[in-house]
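Asker: First, the structure itself, so that you have it in front of you.
Just so it is clear, none of the values below were taken in a lab; they were calculated from the coordinates. Note that the structure is predicted; figures quoted are calculated from it, not measured. For neighbour counting, all protein chains shown are included, and Cβ atoms are generated from backbone atoms with ideal geometry for every residue, glycine included.
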C-alpha cells in the first residue's frame with residue numbers, strides 16, 4: 001500500500017484508542033521481558049545461568065521484580081525537593097514510552113471493514129518528534145539528580161546532561177543522510193522509499209554506524225554508561241532513588257533502547273518490510289537482532305573514560321557524521 | 001466554517017498521539033501512586049534520610065561548583081543543535097531543488113566548520 005493511499009484511509013477514533021492502549025501495554029511487556037532476556041544473555045556470556053528460579057526458566061522474574069519494587073519503603077532524602085524528586089521519574093518514563101508512537105510496524109490492515117493503520121500516529125514530523133521527546137527526557141535526569149540533593153546525584157546528572165547533548169548533535173546529523181535519500185521526515189514514507197530503492201544501511205553504512213554509536217550513548221548503555229558509572233558515582237543521577245521510582249528510571253532506559261532500536265530498523269533496515277512472513281513478525285525479528293547487539297556490547301566492552309567519551313563525540317563522531325551528510329547530499333543530486 | 005475545518009483536520013492527525021501520550025503519562029503516574037499505597041511502612045531513622053556518601057556525610061555543599069567544560073559543552077551544543085534544526089527542512093526538499101539546495105547546504109555547513117576548527121585549535125573541545 002502506498003503512503004498516499006494509506007493517508008486517504010482514516011481509522012475510526014475508537015480503533016485509535018484501543019490500539020494506543022494495546023501498544024502501550026505491549027511496549028511495557030516488552031520492557032519487562034527485555035530485562036529478563038538481558039540478564040539471561042549476560043549470564044550465558046559470563047558462563048553462568050542467569051535468573052532461573054522464579055517460574056519456568058525464570059519467566060516470572062519481572063513480575064516478582066515489580067512486586068518487590070512496589071513493596072519497598074517510600075521515603076525522601078533529607079534535602080530533596082519533593083515535587084521535582086517525584087516528577088523526574090514520571091517525566092523520564094513518559095518521554096520514553098510516548099516516543100514509540102510514530103514507529104511503523106506494518107503496512108496497515110483492513111479488519112472487519114475498518115482500516116487499522118500500521119502505527120499509532122503518522123505525522124509529517126515523525127523523526128523530529130522522536131528527537132524532541134528524547135531531548136525532553138534529558139530534563140528528567142538533570143532534575144532528578146538535582147532535586148535529590150546529593151553529591152553523587154548532582155555529579156551524575158551533570159555528566160548525563162553533557163554526554164546526552166554532545167551525542168544528540170551527532171545523532172541528528174547521522175539521520176540526516178536518510179532524510180536526504182528519502183526526502184521525508186515521515187517514517188512511513190522512509191520505509192516506502194526503502195522498498196523502492198534498497199535498505200538504507202547499504203548506501204548509508206557510515207550514517208548507520210554513527211547512528212548506532214550515538215544511539216548507544218543516548219540511551220546510557222555500556223560502554224557509554226558514564227552517567228551511572230558505579231565505581232565512580234555509586235549510581236549517578238538515581239543514587240537517591242529506590243523502589244519503583246528507581247524502577248521507572250530503569251524502565252525509561254530500556255524503553256529508550258527499544259525505541260532507538262525500532263528507529264534504527266525503520267531508518268536503515270527497511271522497517272517492517274520483508275518476504276513471506278507477516279510485517280510485524282519481520283519488524284520484531286529485526287528489532288530483536290538490533291537489541292541483541294546492544295546487550296552484546298554491554299557484555300564485551302569496558303566503559304570509556306569521561307574525557308575519552310567527550311573527545312570521541314566531538315572530534316570523531318561529529319566530523320564523520322557531517323561529512324556523511326554532505327557526501328549524501330552531493331551524491332543524491334548527481335544520481 | 002472553512003477556516004475552522006483546517007486546524008481541526010490537523011488536530012485529528014494528532015488525536016491518536018494525544019490518546020497514547022495520555023496513557024504514557026498515566027502509567028508512570030499510577031506507578032508513583034502505587035509506590036505510596038503498597039509500600040512497606042518505613043521505620044523512622046535519621047540514617048535513612050541521609051544522602052548517600054562514603055564516610056561522614058555533611059550533605060552537599062550549598063554551592064557546588066563545576067568544571068568550566070560543562071558550560072563550554074552546553075554552548076557548543078546550542079550552536080550545533082540549531083545548525084541541525086535548520087538542516088532538516090533543507091534535507092527534506094534537497095532532492096527536489098537540486099544543486100541550489102546542495103550549495104546552500106554546503107555554505108551553511110562551511111559557516112559552522114570555520115568556528116568548529118577555531119574551537120578545536122583553541123582547545124575548547126578538550127575535556128579538562
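Asker: Could you give the distance between the Cα centres of segment A:12-29 and segment A:73-90, to the whole Å?
Answerer: Here the answer is 30 Å between Cα centres.
Asker: Determine the shielding of peptide A:165-173 by partner chains: average, over its residues, the number of Cβ atoms on other chains within 10 angstrom of each Cβ.
Answerer: 4
Asker: If each Cα of segment A:227-335 is one equal point scatterer, what is log10 of I(q)/I(0) from the Debye formula at q = 0.22 Å⁻¹?
Answerer: Per q value, in the given order, log10 I(q)/I(0) is -1.22.
Asker: Let me ask something else about it. Across peptide B:120-128, how many C-beta atoms of other chains are within 10 Å of each residue C-beta, on average?
Answerer: Mean inter-chain Cβ contacts per residue within 10 Å come to 3.
Asker: Ok, one more. Based on the alpha-carbon gyration tensor of segment A:84-231 and its eigenvalue square roots a ≥ b ≥ c, which shape applies: rounded if a/c is under 1.5, prolate if not and a/b is larger than b/c, or oblate?
Answerer: oblate
Asker: Would you please put A:221-227, A:13-19, A:99-105 in order of how densely packed they are, using the mean number of other Cβ atoms within 10 angstrom per residue and starting with the highest?
Answerer: Per-residue Cβ counts within 10 Å, averaged per peptide and sorted highest first, yield A:99-105, A:221-227, A:13-19.
Asker: In angstroms, what radius of gyration and Dmax does segment A:128-174 have, counting Cα atoms only?
Answerer: Radius of gyration, then largest Cα-Cα span, for segment A:128-174: 11.7, 36 Å.
Asker: Given segment A:165-306, what whole percent of its Cα pairs are spread farther than 18 Å?
Answerer: 60
Asker: At q = 0.28 Å⁻¹, what log₁₀ I(q)/I(0) does a Debye calculation on the Cα points of segment A:268-328 give, no solvent, two decimals?
Answerer: One equal scatterer on each Cα of segment A:268-328 leads to -1.00.
Asker: Next question. Helix A:318-334 versus the longest principal axis of chain A: what angle, 0 to 90°, nearest 10, using Cα atoms?
Answerer: It works out to around 10 degrees.
Asker: Using Stokes-Einstein with the Kirkwood hydrodynamic radius over Cα pairs, what translational diffusion coefficient do you get for chain A at 37 °C and a viscosity of 0.692 mPa s, in µm²/s rounded to a whole number?
Answerer: Calculated translational D: 156 µm²/s.
Asker: On to the next question. Among A:264, A:183, A:112, which one moves the most in a GNM of chain A with springs linking Cα atoms closer than 10 Å?
Answerer: Highest fluctuation of the listed residues: A:112.
Asker: Next question, about the same structure. Give the separation of the Cα centroids, segment A:268-335 to segment A:136-209, in Å.
Answerer: Here the answer is 10 Å between Cα centres.
Asker: Report, as an integer, the average count of C-beta atoms from other chains found within 10 Å of each Cβ along B:29-41.
Answerer: Shielding by partners across B:29-41 averages 6.
Asker: Can you give me the angle between helix A:61-71 and the longest principal axis of chain A, using Cα atoms only, in degrees from 0 to 90, rounded to the nearest 10?
Answerer: 50
Asker: Could I ask something else about it? If I histogram all Cα-Cα distances within segment A:82-133 using bins 5 Å wide from 0, what percent of pairs lands in each bin?
Answerer: So the P(r) values, bin by bin, are 4, 18, 19, 16, 14, 11, 9, 4, 3, 1, 0.
Asker: Nearest 10 degrees is fine. How inclined is helix A:126-147 to the longest principal axis of chain A, computing both from alpha carbons?
Answerer: 10
Asker: Take the alpha-carbon positions of segment A:57-96, form their convex hull, and give its projected area averaged over all directions (one quarter of the hull surface) in nm².
Answerer: The directionally averaged projection comes out at 4.0 nm².
Asker: I need the peptides B:98-106, B:35-43 ranked by packing, meaning the mean over residues of other C-beta atoms within 10 angstrom, with the highest value on top.
Answerer: B:98-106, B:35-43
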